[in-house]
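Participant: Structure below; questions to follow.
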There are 2 protein chains.
Amino acid sequence: MKQRILYIEDELILGQLVKDALEKHGFEVLKVINGSDGLAMFKKYRPHLCLFDIMLPGKDGYTVAEQVRAIDVHVPIIFLTAKVQATDLVQGFKAGCNDYVRKPFHMEELLLRVENWLAVKYGIETPQQNNYIIGIFAFDPHKQLLSGKERQIRLSHKETELLNVLCNYKNTIVSRDYILQKVWGSDSVYNSRTLDVYINRIRKYFKDDSHINLITLKGIGYRFIC
Amino acid sequence: MKQRILYIEDELILGQLVKDALEKHGFEVLKVINGSDGLAMFKKYRPHLCLFDIMLPGKDGYTVAEQVRAIDVHVPIIFLTAKVQATDLVQGFKAGCNDYVRKPFHMEELLLRVENWLAVKYGIETPQQNNYIIGIFAFDPHKQLLSGKERQIRLSHKETELLNVLCNYKNTIVSRDYILQKVWGSDSVYNSRTLDVYINRIRKYFKDDSHINLITLKGIGYRFIC
DNA sequence: GTAAAGAAACCTTAAATAACGTTAATGAAA
DNA sequence: TTTCATTAACGTTATTTAAGGTTTCTTTAC
């Protein structure tokens, strides 16, 4: 499967050049020319990497990045910038998983950084933190086990997958769409209540521990506090 | 515990400058002036991050990096280089988890990239719990809870976001437009009364405490006094 | 300057819509 | 035949929209 890159750029000629180069390298490029469209595309297509020009009409690249981060804390974001002041860079680096490339840039450098981040995030097996501590529970996604103080719960596959995603995004926001993508694989399930049923089960498992909370952010997603 | 950085640099003056800057930022810096010593230090001290000059007497930075990678596939390696040819960069990026900074560089940029990689690899520290005291209430935006003397109110997401903005700007002025941007995200809602409805709710929550006031500045915004 | 009229801007309540929760039943797979 | 995943049906809550009222600011005539 091709890796998707969301590219926001308002300069037409540069935009086409970069898009062509990325596509030549086997990426699927979603190119838009403003921040609002970019955010909408992100929500819809969940790209593997974001490439944002900073100077944009309307919302600037940083603002879009913040809103993307609210949905996904892990996706790499690379900024394209003419700015050189270090103070500006702070903003770009703030959320981690970010990088920037200074304009004018060599296409090769951009491609290398793109590939580098994709390798870091998706290539080299993520340091499979195989066990999670959730309050007084221990969660082993591999064995599909949730071990409490007394009892030990054998989770089903979907329960495990869901809890795994929640743990990956614990204490921050994870969107409904992202969960559906990760656990059920985009196309299906989108108009059913399946996810809710599983959310309900996860909540039941943790209902005795008041420190663990799975909060609904209506229209956005969930926050798993633990 | 301080995070350790292994730094290989043969230029004495630059080396000292960078070392000082890193130490000033709270890092423990292991500085050596050639590749062989660098590799030995790596094995012995297992630093959290490597900072390698490329042009070195004897073994160059790339070679050291390859040998380090053979020992540890995950440790971030940042190259300092005067080279600008893209072909050279390929080598630097090959192993993933690598970055490079072009000489001459701003110290701020270097520090930002160092911190960025440490964050990516060793965990983005959990978002600090920003709790607010509002009169006799305690407000926890993370848990979406407003705790009064007797009762505890579970706030909705939008209520939480709004109150959060108000708290950030307590006792000063915050404009309507800013709130709409932060909570609803510019594009929508601008001609609706949604915000007013939520302002109304916030007021109701605090109506018993006469010390807390949410004042309207018509045409400007609000002032949250508490 | 001041009062009245007009226009914005905001408040309040209720109703409508959308999004999510819950339980049980169904169907598929092991 | 037991477990798991999905669907159905209905319940609940959050958010937005609608509609009419109130307040504040501005304009204009005196």
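Participant: For the stretch A:168-193, what are the residues that are away from DNA strand D (no atom under 12 Å from the Cβ), surrounded by fewer than 19 Cβ atoms within 10 Å (Cβ to Cβ) and not charged (D, E, K, R)?
Facilitator: If the condition is that a residue be away from DNA strand D (no atom under 12 Å from the Cβ), surrounded by fewer than 19 Cβ atoms within 10 Å (Cβ to Cβ) and not charged (D, E, K, R), then A:N168, A:N171, A:Q181, A:S186 are the ones that fit.
Participant: Does at least one position in the stretch B:118-132 carry a residue that is of a type outside the set (A, V, I, L, M) and either near DNA strand D (Cβ under 10 Å from one of its atoms) or assigned to a strand (DSSP E or B) (or both)?
Facilitator: yes
Participant: I need the full set of residues from the stretch A:67-80 which are in contact with a helix residue (DSSP H, G or I) (Cβ under 9 Å, 6 or more places away or on another chain) and either hydrophobic (A, V, I, L, M, F, W, C) or at pLDDT below 85 (or both), in order please.
Facilitator: A:Q67, A:V68, A:I71, A:D72, A:V73, A:H74, A:V75, A:I77, A:I78, A:F79, A:L80
Participant: Among the residues that make up the stretch A:194-207, is at least one of them modelled with pLDDT under 90, within 14 Å of DNA strand D (Cβ to nearest atom) and outside the structural domain of A:R46 (by TED's automatic domain parsing)?
Facilitator: No: zero hits.
Participant: Please specify each residue of the stretch A:140-162 satisfying the condition of being open to solvent by 60 Å² or more (accessible area, probe 1.4 Å) and more than 11 Å from DNA strand D (Cβ to nearest atom).
Facilitator: Of everything in the stretch A:140-162, those that are open to solvent by 60 Å² or more (accessible area, probe 1.4 Å) and more than 11 Å from DNA strand D (Cβ to nearest atom) turn out to be A:H142, A:K143, A:K149, A:E150, A:R151, A:Q152.
Participant: In the stretch A:146-198, how many are of a type in the set (A, V, I, L, M, F, W, C), away from DNA strand C (no atom under 16 Å from the Cβ) and closer than 24 Å to A:H48 by Cα?
Facilitator: 1
Participant: Something else: Kindly indicate whether any position in the stretch B:205-217 is more than 20 Å from B:K158 (Cβ to Cβ), more than 7 Å from DNA strand C (Cβ to nearest atom) and polar (S, T, N, Q).
Facilitator: yes
Participant: A further question on this structure: Inside the stretch A:50-67, can you point out the residues that are away from chain B (no Cβ under 14 Å) and either closer than 22 Å to A:N116 by Cα or open to solvent by less than 20 Å² (accessible area, probe 1.4 Å) (or both)?
Facilitator: A:C50, A:L51, A:F52, A:D53, A:I54, A:G61 - these are the residues of the stretch A:50-67 that are away from chain B (no Cβ under 14 Å) and either closer than 22 Å to A:N116 by Cα or open to solvent by less than 20 Å² (accessible area, probe 1.4 Å) (or both).
Participant: If you don't mind, another one. Evaluate the following for A:V165: is it within 15 Å of A:D72 (Cα to Cα), within 14 Å of chain B (Cβ to nearest Cβ) and open to solvent by less than 30 Å² (accessible area, probe 1.4 Å)?
Facilitator: No, not satisfied.
Participant: What number goes with the only condition from (1) surrounded by fewer than 16 Cβ atoms within 10 Å (Cβ to Cβ); (2) part of a loop (DSSP other than H, G, I, E, B) that A:P47 does not pass?
Facilitator: (1)
Participant: Give me a count of the residues in the stretch B:208-221 that are surrounded by 13 or more Cβ atoms within 10 Å (Cβ to Cβ) and either in a loop (DSSP other than H, G, I, E, B) or outside the structural domain of B:Q152 (by TED's automatic domain parsing) (or both).
Facilitator: Total satisfying the criteria: 2.
Participant: Hey, another quick one. Could you run through the stretch A:164-195 and say how many residues are more than 16 Å from the chain's Cα centre (by Cα), aliphatic (A, V, I, L, M) and in a helix (DSSP H, G or I)?
Facilitator: 1
The values are calculated or read from the model by the stated rules, or taken from the named source; none is laboratory data. Keep in mind the model is a prediction, meaning the values are calculated, not measured. Note: ideal-geometry Cβ built from the backbone for every residue, glycine included; neighbour counts use all protein chains shown. The protein model used for the area step is the full one, side chains on, heavy atoms only, and it has no ligands, DNA or RNA in it. Shrake-Rupley method; radii C 1.70, N 1.55, O 1.52, S 1.80 Å.
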